[in-house]
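Only the coordinates and a few stated rules stand behind these numbers; no lab work does. Keep in mind that this is a model prediction, so the values were computed, not measured. Methodologically, a virtual Cβ is constructed for each residue, glycine included, from the backbone with ideal geometry; neighbour enumeration extends over all protein chains shown.
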Amino acid sequence: MAKIYLYCLAMNSGSGIVHGSTVGGDVAGFALAEDGNVLANHCSSSVEFSKHDMGLTSDWKHDEYKEHYPDGYEVEWIDESALDTHAGFQDAFAKNQAVKEAD
């Protein structure tokens, strides 16, 4: 089944004013398909909110995912600290970069 890798990167921002956010806690979430296409992104106030906003613990963004993989897909969360060592993510990221360089 097709994989979609969900992850977020710390933005080192955040006011602490929004419920559940912490100063410096904002993150940018991304959905990277195994074929290298970025399917979605979202700014969230924390890693836990990003898991919801990117569709790991909710159905958010799944319309975009179904459009790209109509025959089915599996989402997988990868913590920021594991991105450099996750083989599937690294392969998808390399495909993404190859397309970017070709443009």
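Determine the calculated [θ] at 222 nm for the chain from helices alone, applying -39500 (n - 2.57) to every DSSP H run no shorter than 4 residues and normalising by the residue count; nearest 500 deg cm²/dmol. Display every interim value, and only then the final one.
On the way: 3 runs with 30 residues, N = 103.
Counting only the DSSP helices, I get -8500 deg cm²/dmol.
Can you order the peptides 36-49, 86-99 by their average number of other Cβ atoms within 10 Å per residue, highest first? Display every interim value, and only then the final one.
Numbers: 36-49: 17.5, 86-99: 13.9.
Per-residue mean Cβ counts within 10 Å order the peptides as 36-49, 86-99.
What do you get for the angle between helix 87-102 and the principal long axis of the chain? Use alpha-carbon atoms, 0 to 90 degrees, nearest ten.
Long axis of 87-102 versus the principal axis of the chain: about 80 degrees.
What percent antiparallel are the DSSP beta bridges of the chain, to the nearest 5?
Details: 13 of 18 bridges.
Taking every DSSP beta bridge with both residues in the chain, the antiparallel ones total about 70 percent.
HN-Hα J couplings of the range 61-73 from phi, Karplus 6.51/-1.76/1.60, θ = phi - 60°, integer Hz, Gly and Pro as x?
6, 5, 4, 5, 5, 5, 5, 7, 10, x, 8, x, 7
Label Asn12 and His62 with points 7 Å out from Cα along Cα→Cβ: what is the distance between them in nm?
Each label point is offset 7 Å from its Cα along the Cβ direction, giving 3.7 nm.
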